[in-house]
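The next block holds one structure in the form of C-alpha coordinates; read it before the comments.
The values are calculated or read from the model by the stated rules, or taken from the named source; none is laboratory data. Being a predicted model, the structure only gives us computed values, none of them experimental. So basically every Cβ, Gly included, is an ideal-geometry build from the backbone, and we count neighbours across all protein chains shown.
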Amino acid sequence: MSKRLYIHTVGCQMNVLDSELVAAELVEAGYELVDTPGRADTILFNTCSVRQHAEDKIYSALGRLKHLKEYRPETIIGVLGCMAQKDQAAIFRRAAHVDLVVGPGQLSRLPALLEEVASQRASLRQPRLEVSLYGIARSQEERKAGVPLLGTSSVFRGAAFPHDTACSRAPRAAWSWHMGDGFAAYDPPRRAVLRPSPGAAMVRAMFGCNQGCTYCIVPRVRGPEQSRPAAQIAAEVRGLVDQGCLEVTLLGQAVNRYDDRSEGRRLRLADLLERLHPIDGLRRLRFVTNHPRHVTAELLQAVRDLPKVSPYLHVPAQSGSDRILRRMRRGHTAQAYREMLQQVRQIVPAAAVTSDFIVGFCGETEADFQETVDLVRWGRFKNSFIFKYSPRPLTPAVELYADDVPEAVKRQRNNDLLAIQNAISLEENQPLLGRRVEILVEGPSKAARRRQADRRQAVQLAGRTACDRIVVFDGPPHLAGKMVDVVIERADAFTLFGRKDEG
Ligand code: SAM
Ligand code: SF4
(Lines give C-alpha, C1' and ligand atoms only; values in the text may rest on other atoms or scores of the structure.)
(Ligands and ions follow the chains in the order given, each with its own letter.)
Protein backbone atom coordinates (compact mmCIF):
# COMPACT_ATOMS: atom_id res chain seq x y z
CA MET A 1 0.00 0.00 0.00
CA SER A 2 1.30 3.46 -0.84
CA LYS A 3 1.89 5.72 2.13
CA ARG A 4 1.99 9.38 1.26
CA LEU A 5 2.46 11.82 4.12
CA TYR A 6 1.64 15.52 4.35
CA ILE A 7 2.62 17.43 7.51
CA HIS A 8 1.42 20.95 8.25
CA THR A 9 3.32 22.67 11.06
CA VAL A 10 2.48 25.80 13.01
CA GLY A 11 4.14 27.34 16.04
CA CYS A 12 7.60 27.62 17.47
CA GLN A 13 10.95 26.07 16.60
CA MET A 14 10.17 23.15 18.94
CA ASN A 15 7.29 22.25 16.65
CA VAL A 16 9.38 22.64 13.51
CA LEU A 17 11.90 20.25 15.06
CA ASP A 18 9.18 17.79 16.16
CA SER A 19 7.78 17.74 12.61
CA GLU A 20 11.23 17.13 11.18
CA LEU A 21 11.70 14.18 13.56
CA VAL A 22 8.23 12.77 12.86
CA ALA A 23 8.80 13.05 9.09
CA ALA A 24 12.22 11.41 9.36
CA GLU A 25 10.82 8.50 11.35
CA LEU A 26 7.89 7.97 9.00
CA VAL A 27 10.06 8.22 5.88
CA GLU A 28 12.24 5.53 7.48
CA ALA A 29 9.06 3.47 7.90
CA GLY A 30 8.30 3.73 4.16
CA TYR A 31 6.25 6.94 3.84
CA GLU A 32 6.82 9.35 0.98
CA LEU A 33 6.50 13.07 1.76
CA VAL A 34 4.11 15.07 -0.44
CA ASP A 35 3.51 18.81 -0.52
CA THR A 36 -0.29 19.04 -0.62
CA PRO A 37 -2.96 17.36 1.51
CA GLY A 38 -4.79 16.35 -1.70
CA ARG A 39 -1.94 14.00 -2.67
CA ALA A 40 -1.60 12.45 0.78
CA ASP A 41 -3.21 9.43 2.42
CA THR A 42 -1.91 10.49 5.85
CA ILE A 43 -2.37 14.13 6.84
CA LEU A 44 -0.84 15.35 10.10
CA PHE A 45 -1.19 18.75 11.75
CA ASN A 46 1.51 19.64 14.25
CA THR A 47 -0.23 22.28 16.32
CA CYS A 48 0.37 25.23 18.65
CA SER A 49 -1.73 26.42 21.60
CA VAL A 50 0.17 29.54 22.61
CA ARG A 51 -2.43 31.87 21.09
CA GLN A 52 -6.07 31.33 20.12
CA HIS A 53 -5.37 32.39 16.54
CA ALA A 54 -3.02 29.41 15.96
CA GLU A 55 -5.73 27.02 17.15
CA ASP A 56 -8.45 28.66 15.04
CA LYS A 57 -6.33 28.20 11.93
CA ILE A 58 -5.95 24.47 12.61
CA TYR A 59 -9.67 23.95 13.25
CA SER A 60 -10.42 25.75 9.96
CA ALA A 61 -7.89 23.58 8.12
CA LEU A 62 -9.44 20.47 9.68
CA GLY A 63 -12.89 21.70 8.61
CA ARG A 64 -11.68 21.99 5.02
CA LEU A 65 -10.70 18.30 5.04
CA LYS A 66 -14.16 17.05 5.98
CA HIS A 67 -15.20 16.51 2.36
CA LEU A 68 -11.91 14.85 1.47
CA LYS A 69 -12.49 12.38 4.30
CA GLU A 70 -16.03 11.73 3.04
CA TYR A 71 -14.96 10.73 -0.44
CA ARG A 72 -11.66 9.14 0.65
CA PRO A 73 -12.47 7.65 4.07
CA GLU A 74 -9.24 5.65 4.16
CA THR A 75 -7.26 8.94 4.52
CA ILE A 76 -5.83 9.18 8.04
CA ILE A 77 -6.05 12.61 9.66
CA GLY A 78 -4.00 13.23 12.79
CA VAL A 79 -3.57 16.16 15.18
CA LEU A 80 -0.22 16.28 16.97
CA GLY A 81 1.48 18.60 19.43
CA CYS A 82 0.36 21.22 21.92
CA MET A 83 -3.29 21.55 20.84
CA ALA A 84 -3.59 17.76 20.95
CA GLN A 85 -2.39 17.79 24.55
CA LYS A 86 -4.56 20.75 25.52
CA ASP A 87 -7.86 19.91 23.82
CA GLN A 88 -7.49 16.13 23.87
CA ALA A 89 -10.83 14.40 23.23
CA ALA A 90 -12.55 17.72 22.50
CA ILE A 91 -10.84 17.64 19.09
CA PHE A 92 -12.95 14.61 18.10
CA ARG A 93 -16.07 16.55 19.07
CA ARG A 94 -15.15 19.58 16.97
CA ALA A 95 -13.78 17.55 14.05
CA ALA A 96 -15.29 14.07 14.07
CA HIS A 97 -13.31 13.06 10.97
CA VAL A 98 -10.00 13.18 12.90
CA ASP A 99 -8.54 9.69 13.46
CA LEU A 100 -5.69 10.40 15.79
CA VAL A 101 -4.79 12.90 18.52
CA VAL A 102 -1.23 12.61 19.84
CA GLY A 103 0.38 14.91 22.43
CA PRO A 104 4.00 16.13 22.20
CA GLY A 105 5.03 13.62 24.88
CA GLN A 106 3.77 10.64 22.87
CA LEU A 107 5.28 11.27 19.44
CA SER A 108 7.47 8.16 19.66
CA ARG A 109 4.25 6.09 19.53
CA LEU A 110 3.12 7.70 16.27
CA PRO A 111 4.37 5.11 13.73
CA ALA A 112 2.69 2.27 15.67
CA LEU A 113 -0.53 4.27 16.11
CA LEU A 114 -0.71 5.05 12.40
CA GLU A 115 -0.27 1.34 11.67
CA GLU A 116 -3.06 0.49 14.10
CA VAL A 117 -5.46 3.02 12.60
CA ALA A 118 -4.58 1.98 9.04
CA SER A 119 -5.09 -1.69 9.79
CA GLN A 120 -8.72 -1.11 10.76
CA ARG A 121 -11.30 -0.99 7.99
CA ALA A 122 -12.19 2.62 7.27
CA SER A 123 -15.82 2.06 8.28
CA LEU A 124 -14.83 0.60 11.65
CA ARG A 125 -12.03 2.95 12.47
CA GLN A 126 -11.69 3.77 16.15
CA PRO A 127 -10.12 7.17 16.71
CA ARG A 128 -7.08 7.13 19.01
CA LEU A 129 -6.04 9.64 21.65
CA GLU A 130 -2.54 9.57 23.13
CA VAL A 131 -1.67 12.29 25.61
CA SER A 132 0.37 12.80 28.77
CA LEU A 133 -1.17 13.04 32.16
CA TYR A 134 1.81 13.31 34.48
CA GLY A 135 2.46 16.72 35.94
CA ILE A 136 -0.73 18.26 34.60
CA ALA A 137 -2.17 20.69 37.08
CA ARG A 138 -5.92 20.81 37.47
CA SER A 139 -7.77 24.02 36.85
CA GLN A 140 -9.83 25.52 39.67
CA GLU A 141 -12.94 24.22 37.93
CA GLU A 142 -11.49 20.70 37.76
CA ARG A 143 -10.37 20.82 41.39
CA LYS A 144 -13.87 21.90 42.46
CA ALA A 145 -15.36 19.09 40.36
CA GLY A 146 -13.12 16.62 42.25
CA VAL A 147 -11.19 15.56 39.16
CA PRO A 148 -8.24 13.54 40.49
CA LEU A 149 -4.65 14.43 39.65
CA LEU A 150 -3.68 11.24 37.89
CA GLY A 151 -0.02 10.44 37.61
CA THR A 152 0.14 6.91 36.36
CA SER A 153 -0.16 5.36 32.97
CA SER A 154 -3.70 4.39 32.16
CA VAL A 155 -5.51 2.95 29.17
CA PHE A 156 -9.15 3.91 28.73
CA ARG A 157 -11.49 2.59 26.14
CA GLY A 158 -14.86 4.01 25.21
CA ALA A 159 -15.56 6.03 28.35
CA ALA A 160 -15.73 9.76 28.78
CA PHE A 161 -12.35 11.41 29.18
CA PRO A 162 -11.88 12.15 32.88
CA HIS A 163 -10.52 15.64 32.89
CA ASP A 164 -12.19 17.15 29.87
CA THR A 165 -15.23 18.59 31.63
CA ALA A 166 -16.81 19.68 28.34
CA CYS A 167 -16.51 16.13 27.08
CA SER A 168 -17.72 14.43 30.19
CA ARG A 169 -21.16 15.79 29.36
CA ALA A 170 -20.98 14.14 25.96
CA PRO A 171 -22.37 10.64 25.42
CA ARG A 172 -20.01 7.71 25.91
CA ALA A 173 -17.62 7.98 23.06
CA ALA A 174 -16.35 5.39 20.66
CA TRP A 175 -12.69 6.33 20.79
CA SER A 176 -9.90 4.79 22.78
CA TRP A 177 -7.06 6.55 24.45
CA HIS A 178 -3.92 6.10 26.36
CA MET A 179 -2.38 8.48 28.81
CA GLY A 180 1.34 8.06 29.24
CA ASP A 181 3.28 8.45 32.49
CA GLY A 182 4.86 11.62 31.32
CA PHE A 183 6.37 13.58 28.50
CA ALA A 184 8.75 11.05 27.02
CA ALA A 185 11.91 12.22 25.31
CA TYR A 186 11.58 11.94 21.55
CA ASP A 187 14.94 11.42 19.89
CA PRO A 188 14.68 9.39 16.69
CA PRO A 189 17.75 9.34 14.42
CA ARG A 190 18.23 12.57 12.47
CA ARG A 191 17.68 12.77 8.73
CA ALA A 192 17.62 15.86 6.57
CA VAL A 193 13.96 15.29 5.60
CA LEU A 194 11.89 18.44 6.11
CA ARG A 195 14.83 20.40 7.51
CA PRO A 196 14.11 23.96 6.36
CA SER A 197 17.76 24.70 5.59
CA PRO A 198 20.42 22.14 4.57
CA GLY A 199 23.24 23.72 6.59
CA ALA A 200 21.38 24.38 9.83
CA ALA A 201 19.72 22.08 12.32
CA MET A 202 17.96 22.41 15.63
CA VAL A 203 18.79 20.15 18.53
CA ARG A 204 16.71 19.81 21.64
CA ALA A 205 18.65 20.59 24.80
CA MET A 206 15.60 20.58 27.07
CA PHE A 207 12.00 19.47 27.10
CA GLY A 208 9.17 21.23 28.94
CA CYS A 209 9.13 24.27 31.20
CA ASN A 210 8.82 24.90 34.97
CA GLN A 211 8.58 28.68 34.83
CA GLY A 212 4.84 28.92 35.21
CA CYS A 213 4.30 32.35 33.62
CA THR A 214 0.60 32.90 34.28
CA TYR A 215 -0.38 33.58 30.65
CA CYS A 216 1.40 30.60 29.16
CA ILE A 217 0.04 27.20 28.18
CA VAL A 218 3.46 25.66 27.49
CA PRO A 219 4.11 24.11 30.94
CA ARG A 220 0.69 22.50 30.78
CA VAL A 221 1.09 20.99 27.31
CA ARG A 222 4.82 20.24 27.25
CA GLY A 223 5.26 19.10 30.84
CA PRO A 224 8.03 19.73 33.34
CA GLU A 225 11.60 20.72 32.49
CA GLN A 226 13.94 17.89 31.56
CA SER A 227 17.52 18.41 30.35
CA ARG A 228 18.93 15.94 27.85
CA PRO A 229 22.28 14.41 28.82
CA ALA A 230 25.18 16.41 27.35
CA ALA A 231 26.75 13.24 25.90
CA GLN A 232 23.54 12.50 23.98
CA ILE A 233 23.39 16.06 22.63
CA ALA A 234 27.07 15.94 21.61
CA ALA A 235 26.52 12.65 19.75
CA GLU A 236 23.56 14.15 17.91
CA VAL A 237 25.51 17.29 16.97
CA ARG A 238 28.41 15.15 15.66
CA GLY A 239 25.94 13.17 13.54
CA LEU A 240 24.41 16.36 12.15
CA VAL A 241 27.82 17.79 11.26
CA ASP A 242 28.59 14.50 9.45
CA GLN A 243 25.40 15.14 7.44
CA GLY A 244 26.73 18.54 6.39
CA CYS A 245 25.27 20.84 9.04
CA LEU A 246 27.42 23.85 9.82
CA GLU A 247 25.12 25.47 12.36
CA VAL A 248 23.31 23.97 15.33
CA THR A 249 20.69 25.75 17.43
CA LEU A 250 20.07 24.29 20.87
CA LEU A 251 16.41 24.53 21.86
CA GLY A 252 14.71 24.86 25.22
CA GLN A 253 11.80 26.95 26.52
CA ALA A 254 14.24 28.43 29.03
CA VAL A 255 17.40 26.91 27.58
CA ASN A 256 19.67 28.83 29.94
CA ARG A 257 18.23 26.72 32.78
CA TYR A 258 19.95 23.68 31.22
CA ASP A 259 20.98 21.43 34.11
CA ASP A 260 22.30 17.96 33.29
CA ARG A 261 23.36 15.80 36.24
CA SER A 262 23.85 12.54 34.31
CA GLU A 263 27.65 12.66 34.70
CA GLY A 264 27.76 13.01 38.48
CA ARG A 265 28.17 16.82 38.39
CA ARG A 266 26.01 19.71 37.25
CA LEU A 267 26.51 20.71 33.65
CA ARG A 268 24.99 24.08 32.83
CA LEU A 269 24.47 25.68 29.42
CA ALA A 270 27.97 27.23 29.47
CA ASP A 271 29.44 23.74 30.07
CA LEU A 272 27.36 22.30 27.24
CA LEU A 273 28.59 25.00 24.85
CA GLU A 274 32.17 24.24 25.87
CA ARG A 275 31.55 20.53 25.28
CA LEU A 276 30.13 21.10 21.78
CA HIS A 277 32.50 23.84 20.65
CA PRO A 278 35.46 21.60 19.65
CA ILE A 279 33.35 19.44 17.30
CA ASP A 280 35.21 19.46 13.98
CA GLY A 281 33.22 20.88 11.10
CA LEU A 282 30.75 22.73 13.33
CA ARG A 283 30.92 26.43 12.45
CA ARG A 284 28.12 28.02 14.49
CA LEU A 285 26.43 27.23 17.78
CA ARG A 286 23.31 29.07 18.90
CA PHE A 287 20.75 28.63 21.66
CA VAL A 288 17.17 29.83 22.25
CA THR A 289 15.16 30.89 24.31
CA ASN A 290 16.70 32.52 27.37
CA HIS A 291 14.89 33.48 30.54
CA PRO A 292 16.17 36.86 31.84
CA ARG A 293 16.54 35.54 35.40
CA HIS A 294 19.01 32.89 34.33
CA VAL A 295 21.38 34.87 32.10
CA THR A 296 24.60 34.37 34.10
CA ALA A 297 28.07 35.91 33.76
CA GLU A 298 29.43 32.37 33.10
CA LEU A 299 27.05 31.97 30.14
CA LEU A 300 27.97 35.39 28.72
CA GLN A 301 31.68 34.66 29.16
CA ALA A 302 31.19 31.41 27.21
CA VAL A 303 29.48 33.38 24.42
CA ARG A 304 32.40 35.85 24.45
CA ASP A 305 35.19 33.27 24.62
CA LEU A 306 33.95 30.52 22.31
CA PRO A 307 34.26 31.85 18.74
CA LYS A 308 31.73 29.42 17.26
CA VAL A 309 29.00 30.56 19.68
CA SER A 310 26.86 33.20 17.97
CA PRO A 311 26.68 36.56 19.77
CA TYR A 312 22.92 36.40 19.64
CA LEU A 313 20.59 36.26 22.64
CA HIS A 314 16.83 35.99 22.54
CA VAL A 315 15.73 37.09 26.03
CA PRO A 316 12.00 37.88 26.23
CA ALA A 317 11.09 40.69 28.63
CA GLN A 318 7.28 40.44 28.07
CA SER A 319 6.56 43.80 29.75
CA GLY A 320 8.29 46.89 31.11
CA SER A 321 5.86 47.33 34.01
CA ASP A 322 6.64 45.70 37.35
CA ARG A 323 2.95 45.49 38.19
CA ILE A 324 2.29 43.51 35.00
CA LEU A 325 5.45 41.41 35.37
CA ARG A 326 4.24 40.44 38.87
CA ARG A 327 0.84 39.46 37.45
CA MET A 328 2.62 37.47 34.78
CA ARG A 329 4.74 35.77 37.50
CA ARG A 330 7.84 36.33 35.45
CA GLY A 331 10.11 36.39 38.48
CA HIS A 332 11.95 39.55 37.41
CA THR A 333 11.39 43.29 37.51
CA ALA A 334 11.97 45.77 34.68
CA GLN A 335 15.06 47.02 36.54
CA ALA A 336 16.44 43.47 36.84
CA TYR A 337 15.91 43.07 33.08
CA ARG A 338 17.80 46.31 32.43
CA GLU A 339 20.67 45.17 34.65
CA MET A 340 20.78 41.84 32.79
CA LEU A 341 20.97 43.71 29.49
CA GLN A 342 23.74 45.98 30.80
CA GLN A 343 25.73 42.91 31.77
CA VAL A 344 25.22 41.45 28.27
CA ARG A 345 26.49 44.68 26.69
CA GLN A 346 29.45 44.80 29.07
CA ILE A 347 30.60 41.21 28.52
CA VAL A 348 29.56 40.70 24.86
CA PRO A 349 29.35 44.23 23.41
CA ALA A 350 28.65 42.97 19.87
CA ALA A 351 25.72 40.77 20.92
CA ALA A 352 22.41 41.19 19.14
CA VAL A 353 19.59 40.94 21.68
CA THR A 354 15.98 40.21 20.76
CA SER A 355 12.87 40.11 22.92
CA ASP A 356 9.19 39.15 23.09
CA PHE A 357 6.48 41.43 24.48
CA ILE A 358 2.84 40.78 25.30
CA VAL A 359 0.58 43.84 25.09
CA GLY A 360 -2.87 44.11 26.63
CA PHE A 361 -2.27 41.61 29.42
CA CYS A 362 -4.97 41.60 32.10
CA GLY A 363 -5.13 44.96 33.89
CA GLU A 364 -2.52 46.66 31.66
CA THR A 365 -3.11 50.43 31.87
CA GLU A 366 -1.82 53.07 29.50
CA ALA A 367 0.86 53.88 32.12
CA ASP A 368 1.95 50.21 32.22
CA PHE A 369 2.12 50.17 28.43
CA GLN A 370 4.25 53.34 28.44
CA GLU A 371 6.72 51.56 30.73
CA THR A 372 6.96 48.82 28.09
CA VAL A 373 7.54 51.48 25.42
CA ASP A 374 10.33 52.93 27.61
CA LEU A 375 11.98 49.52 27.91
CA VAL A 376 11.82 48.95 24.14
CA ARG A 377 13.36 52.39 23.51
CA TRP A 378 16.04 51.83 26.12
CA GLY A 379 16.78 48.21 25.15
CA ARG A 380 17.45 48.88 21.45
CA PHE A 381 16.65 45.29 20.57
CA LYS A 382 17.64 43.94 17.17
CA ASN A 383 13.98 43.01 16.87
CA SER A 384 11.07 42.10 19.10
CA PHE A 385 8.15 39.77 18.63
CA ILE A 386 5.05 41.55 19.85
CA PHE A 387 1.87 39.67 20.72
CA LYS A 388 -1.60 40.71 21.81
CA TYR A 389 -2.51 38.85 24.99
CA SER A 390 -4.62 35.83 24.15
CA PRO A 391 -6.29 34.22 27.18
CA ARG A 392 -5.54 30.50 27.25
CA PRO A 393 -7.87 28.11 29.02
CA LEU A 394 -6.14 26.09 31.76
CA THR A 395 -3.53 28.81 32.45
CA PRO A 396 -3.39 30.57 35.86
CA ALA A 397 -4.11 33.99 34.29
CA VAL A 398 -7.61 33.03 33.16
CA GLU A 399 -8.49 32.01 36.70
CA LEU A 400 -6.80 34.96 38.41
CA TYR A 401 -7.61 37.95 36.23
CA ALA A 402 -10.17 39.35 33.83
CA ASP A 403 -9.11 39.79 30.21
CA ASP A 404 -10.14 43.44 30.51
CA VAL A 405 -8.14 45.27 27.85
CA PRO A 406 -10.43 45.79 24.85
CA GLU A 407 -9.33 44.16 21.59
CA ALA A 408 -9.07 47.56 19.85
CA VAL A 409 -6.69 48.81 22.58
CA LYS A 410 -4.60 45.64 22.32
CA ARG A 411 -4.38 46.13 18.55
CA GLN A 412 -3.42 49.80 18.90
CA ARG A 413 -0.71 49.03 21.49
CA ASN A 414 0.58 46.21 19.30
CA ASN A 415 0.84 48.52 16.28
CA ASP A 416 2.41 51.34 18.30
CA LEU A 417 5.05 49.12 19.89
CA LEU A 418 5.80 47.46 16.56
CA ALA A 419 6.30 50.86 14.90
CA ILE A 420 8.73 51.93 17.66
CA GLN A 421 10.63 48.63 17.47
CA ASN A 422 10.77 48.72 13.67
CA ALA A 423 12.26 52.24 13.69
CA ILE A 424 14.93 51.00 16.12
CA SER A 425 15.59 47.86 14.01
CA LEU A 426 16.09 50.07 10.94
CA GLU A 427 18.54 52.31 12.82
CA GLU A 428 20.40 49.31 14.23
CA ASN A 429 20.85 47.94 10.69
CA GLN A 430 22.44 51.15 9.32
CA PRO A 431 26.00 50.55 10.64
CA LEU A 432 26.08 47.38 8.54
CA LEU A 433 25.83 49.26 5.24
CA GLY A 434 28.99 48.74 3.18
CA ARG A 435 30.24 46.03 5.53
CA ARG A 436 31.07 42.45 4.61
CA VAL A 437 29.18 39.86 6.66
CA GLU A 438 29.45 36.09 6.71
CA ILE A 439 26.12 34.38 6.23
CA LEU A 440 24.93 30.80 6.22
CA VAL A 441 22.74 30.48 3.13
CA GLU A 442 19.39 28.88 3.87
CA GLY A 443 18.03 28.70 0.30
CA PRO A 444 15.83 30.75 -2.03
CA SER A 445 14.26 33.75 -0.31
CA LYS A 446 10.50 33.76 0.31
CA ALA A 447 10.04 36.04 -2.71
CA ALA A 448 12.08 33.70 -4.95
CA ARG A 449 10.11 30.67 -3.74
CA ARG A 450 6.93 32.48 -4.68
CA ARG A 451 8.30 33.15 -8.16
CA GLN A 452 9.30 29.48 -8.48
CA ALA A 453 12.51 30.46 -10.23
CA ASP A 454 14.36 28.17 -12.61
CA ARG A 455 16.66 26.23 -10.26
CA ARG A 456 19.70 26.52 -12.59
CA GLN A 457 19.66 30.32 -12.74
CA ALA A 458 20.67 32.82 -10.10
CA VAL A 459 17.83 33.44 -7.69
CA GLN A 460 17.36 35.62 -4.68
CA LEU A 461 18.90 33.64 -1.80
CA ALA A 462 18.40 34.25 1.90
CA GLY A 463 20.69 33.50 4.79
CA ARG A 464 21.53 34.67 8.30
CA THR A 465 24.49 36.28 9.98
CA ALA A 466 25.79 34.89 13.27
CA CYS A 467 23.72 37.66 14.92
CA ASP A 468 20.57 36.28 13.29
CA ARG A 469 20.20 39.11 10.76
CA ILE A 470 18.43 38.06 7.56
CA VAL A 471 20.44 38.82 4.42
CA VAL A 472 19.25 38.41 0.83
CA PHE A 473 21.42 38.45 -2.30
CA ASP A 474 21.39 36.98 -5.81
CA GLY A 475 23.26 33.75 -6.30
CA PRO A 476 23.01 30.22 -7.66
CA PRO A 477 20.77 27.83 -5.66
CA HIS A 478 23.68 25.42 -5.02
CA LEU A 479 24.97 27.88 -2.39
CA ALA A 480 22.20 26.71 -0.03
CA GLY A 481 23.83 25.26 3.08
CA LYS A 482 27.15 27.06 2.53
CA MET A 483 28.86 29.99 4.25
CA VAL A 484 29.18 33.00 1.96
CA ASP A 485 30.51 36.55 2.39
CA VAL A 486 28.06 39.25 1.35
CA VAL A 487 28.62 43.01 1.14
CA ILE A 488 25.59 44.89 2.48
CA GLU A 489 24.21 47.56 0.14
CA ARG A 490 20.76 48.33 1.54
CA ALA A 491 18.76 47.72 4.69
CA ASP A 492 15.20 47.88 5.85
CA ALA A 493 13.98 47.09 9.36
CA PHE A 494 13.82 43.34 8.78
CA THR A 495 16.27 42.51 6.01
CA LEU A 496 19.74 43.39 4.76
CA PHE A 497 20.24 43.35 0.98
CA GLY A 498 23.67 42.77 -0.54
CA ARG A 499 25.87 41.19 -3.17
CA LYS A 500 28.10 38.18 -2.88
CA ASP A 501 31.66 39.27 -2.16
CA GLU A 502 33.76 37.67 -4.89
CA GLY A 503 37.05 38.98 -3.46
N1 SAM B 1 9.80 29.83 26.32
C2 SAM B 1 9.87 30.94 25.52
C3 SAM B 1 9.91 32.17 26.38
O4 SAM B 1 9.81 32.10 27.58
O5 SAM B 1 10.08 33.22 25.84
C6 SAM B 1 8.82 30.98 24.46
C7 SAM B 1 7.45 30.73 24.90
S8 SAM B 1 6.14 31.11 23.84
C9 SAM B 1 6.07 29.79 22.78
C10 SAM B 1 6.70 32.43 22.83
C11 SAM B 1 6.11 33.75 23.20
O12 SAM B 1 4.72 33.71 23.04
C13 SAM B 1 6.33 34.18 24.63
O14 SAM B 1 7.59 34.72 24.85
C15 SAM B 1 5.23 35.20 24.82
O16 SAM B 1 5.66 36.49 24.45
C17 SAM B 1 4.16 34.74 23.83
N18 SAM B 1 2.98 34.20 24.53
C19 SAM B 1 2.93 33.14 25.36
N20 SAM B 1 1.67 33.00 25.83
C21 SAM B 1 0.92 33.98 25.28
C22 SAM B 1 -0.44 34.37 25.39
N23 SAM B 1 -1.29 33.72 26.18
N24 SAM B 1 -0.85 35.44 24.67
C25 SAM B 1 -0.01 36.13 23.87
N26 SAM B 1 1.29 35.81 23.74
C27 SAM B 1 1.76 34.75 24.44
FE1 SF4 C 1 5.88 29.91 28.80
FE2 SF4 C 1 7.22 31.36 30.61
FE3 SF4 C 1 7.92 28.78 30.15
FE4 SF4 C 1 8.39 30.65 28.28
S5 SF4 C 1 9.31 30.57 30.35
S6 SF4 C 1 7.48 28.63 27.97
S7 SF4 C 1 6.66 32.03 28.51
S8 SF4 C 1 5.99 29.51 31.04
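Residues of segment 318-331 being within 11 Å of ligand 2 (Cβ to nearest atom) and closer than 19 Å to R380 by Cβ, which ones? If the condition is that a residue be within 11 Å of ligand 2 (Cβ to nearest atom) and closer than 19 Å to R380 by Cβ, then Q318 is the only one that fits. Does V409 qualify as being part of a helix (DSSP H, G or I), surrounded by 14 or more Cβ atoms within 10 Å (Cβ to Cβ) and among the β-branched types (V, I, T)? In short, yes. In segment 386-393 there is at least one residue that is within 16 Å of ligand 2 (Cβ to nearest atom), under 21 Å from R51 (Cβ atoms), out of contact with any helix residue (DSSP H, G or I) (no Cβ under 7 Å at 6 or more places or on another chain) and at pLDDT 95 or above. Does A367 qualify as being surrounded by fewer than 19 Cβ atoms within 10 Å (Cβ to Cβ) and either touching a His at 6+ places or on another chain (Cβ under 8 Å) or at pLDDT 95 or above (or both)? So A367 fits the description; yes.
Looking at A29, A54, which is the one that is surrounded by fewer than 20 Cβ atoms within 10 Å (Cβ to Cβ), among the aliphatic types (A, V, I, L, M), under 16 Å from D87 (Cβ atoms) and touching a residue at least 40 places away in the same chain (Cβ under 8 Å)? Checking each option against the conditions leaves just A54. Kindly establish whether Q301 is more than 20 Å from the chain's Cα centre (by Cα), closer than 21 Å to R222 by Cα and away from ligand 2 (no atom under 15 Å from the Cβ). No; evaluated as a whole, the condition is false for this residue.
If only residues of segment 360-397 that are near ligand 1 (Cβ under 9 Å from one of its atoms) and not in a loop (DSSP other than H, G, I, E, B) are counted, the one that is farthest from G320 (Cα to Cα) is A397. You will find that of L306, L300, the residue that is more than 13 Å from ligand 1 (Cβ to nearest atom), surrounded by fewer than 20 Cβ atoms within 10 Å (Cβ to Cβ) and hydrophobic (A, V, I, L, M, F, W, C) is L306 and no other. Among the residues of segment 190-207, the one identified as under 15 Å from the mean Cα position of the chain (by Cα), modelled with pLDDT of 90 or more and assigned to a loop (DSSP other than H, G, I, E, B) is A205. Restricted to segment 108-129, and to residues there that are surrounded by fewer than 24 Cβ atoms within 10 Å (Cβ to Cβ) and among the aliphatic types (A, V, I, L, M), the residue that is modelled with the lowest pLDDT is A122.
Restricting attention to segment 51-96, the residues that are small (G, A, S), out of contact with any strand residue (DSSP E or B) (no Cβ under 7 Å at 6 or more places or on another chain) and within 20 Å of Q120 (Cβ to Cβ) total 2.
If you go through segment 213-251, how many residues are touching a Gly at 6+ places or on another chain (Cβ under 9 Å), within 13 Å of ligand 1 (Cβ to nearest atom) and either closer than 24 Å to G199 by Cα or of a type outside the set (D, E, K, R) (or both)? Qualifying residue count, segment 213-251: 4. Which residues, counting only those in segment 48-95, are in contact with a Leu (Cβ under 9 Å, 6 or more places away or on another chain), of a type in the set (A, V, I, L, M) and not in a helix (DSSP H, G or I)? Across segment 48-95, the qualifying residues are I76, I77, V79, L80, A89, A95.
State all residues of segment 466-479 that are part of a loop (DSSP other than H, G, I, E, B) and modelled with pLDDT under 95; if no residue qualifies, say none. Listed by number, the list holds a single entry, P476.
Among the residues of segment 5-16, is any hydrophobic (A, V, I, L, M, F, W, C), part of a helix (DSSP H, G or I), within 29 Å of Y389 (Cα to Cα) and under 20 Å from the mean Cα position of the chain (by Cα)? Talk me through it step by step, then tell me what you get.
Taking segment 5-16 as the starting set, the residues that turn out to be hydrophobic (A, V, I, L, M, F, W, C) are 5, 7, 10, 12, 14, 16.
Checking which are part of a helix (DSSP H, G or I) leaves us with 14, 16.
Next, only the ones that are within 29 Å of Y389 (Cα to Cα) stay: 14, 16.
Then keep just the ones that are under 20 Å from the mean Cα position of the chain (by Cα); that gives 14, 16.
Within segment 5-16, one or more residues are hydrophobic (A, V, I, L, M, F, W, C), part of a helix (DSSP H, G or I), within 29 Å of Y389 (Cα to Cα) and under 20 Å from the mean Cα position of the chain (by Cα).
Considering every residue within segment 485-493, establish whether at least one is surrounded by 14 or more Cβ atoms within 10 Å (Cβ to Cβ) and under 20 Å from T249 (Cβ atoms). Checked against the condition, which is being surrounded by 14 or more Cβ atoms within 10 Å (Cβ to Cβ) and under 20 Å from T249 (Cβ atoms), segment 485-493 yields no hits at all.
Among the residues of segment 237-246, are any of a type in the set (K, R), surrounded by fewer than 20 Cβ atoms within 10 Å (Cβ to Cβ) and over 16 Å from the mean Cα position of the chain (by Cα)? Checked segment 237-246: at least one residue is of a type in the set (K, R), surrounded by fewer than 20 Cβ atoms within 10 Å (Cβ to Cβ) and over 16 Å from the mean Cα position of the chain (by Cα).
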